[in-house]
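Written below as structure tokens is the structure these notes are about.
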Amino acid sequence: MVKLLLIVPAFNEEECLPSTIQLLNSYPYDYVIINDGSADRTEDIAKDYGARVISLPFNQGLSGAFTTGMRYALSNGYDYALQFDADGQHLPEYIEPMLKKISQSDLDILVGSRFVNSPMPKSMRSFGSLIIRYMLTKQNI
């Protein structure tokens with residue numbers, strides 16, 4: 001069995017975190033909450049629910065929190081690491097298909113999107129996602 005770590009960056013997520021942790025606890029995956037310098041009770045709540053927590057001294061943004069999680073994964077012998085949003089936007093049932101895809105392919109990274117099988121909402125964020133998807137599918141990148 002592969003060793004997978006779910007990296008959960010969390011900045012001021014005290015409202016959402018309990019339900020996300022309860023959801024993650026119902027799956028057989030390790031996870032770590034990266035408390036990204038939260039000013040609320042994010043760290044305390046995560047610890048109260050028994051989560052493994054790494055707390056950053058100040059907000060470093062999503063990339064800083066994810067990098068911290070990746071370092072943790074590498075230093076603890078995980079085969080794969082996956083970012084999982086603290087607000088519950090990501091669904092754990094997509095983890096297995098992603099693991100299957102990456103383990104059956106010669107991939108270094110796999111990017112998932114909730115918009116693959118449904119129309120994208122009209123917004124600048126969607127436009128940005130479209131541009132990123134185009135850039136990632138270019139053969140010479």
Does Asp40 fit the bill of being part of a helix (DSSP H, G or I) and of a type in the set (Asp, Glu)? no
In this structure, is Leu23 closer than 23 Å to Val111 by Cβ and hydrophobic (A, V, I, L, M, F, W, C)? yes
For residues in segment 1-25 being touching a residue at least 12 places away in the same chain (Cβ under 8 Å) and in a loop (DSSP other than H, G, I, E, B), which is surrounded by the fewest Cβ atoms within 10 Å (Cβ to Cβ)? Val2
Given (1) modelled with pLDDT under 95; (2) over 23 Å from Cys16 (Cβ atoms); (3) polar (S, T, N, Q), Ser75 misses just (1)
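The values are calculated or read from the model by the stated rules, or taken from the named source; none is laboratory data. Here the structure is a predicted model, which means the values were calculated and not measured. Cβ atoms come from the backbone with ideal geometry, glycine included; neighbour counts cover every protein chain shown.
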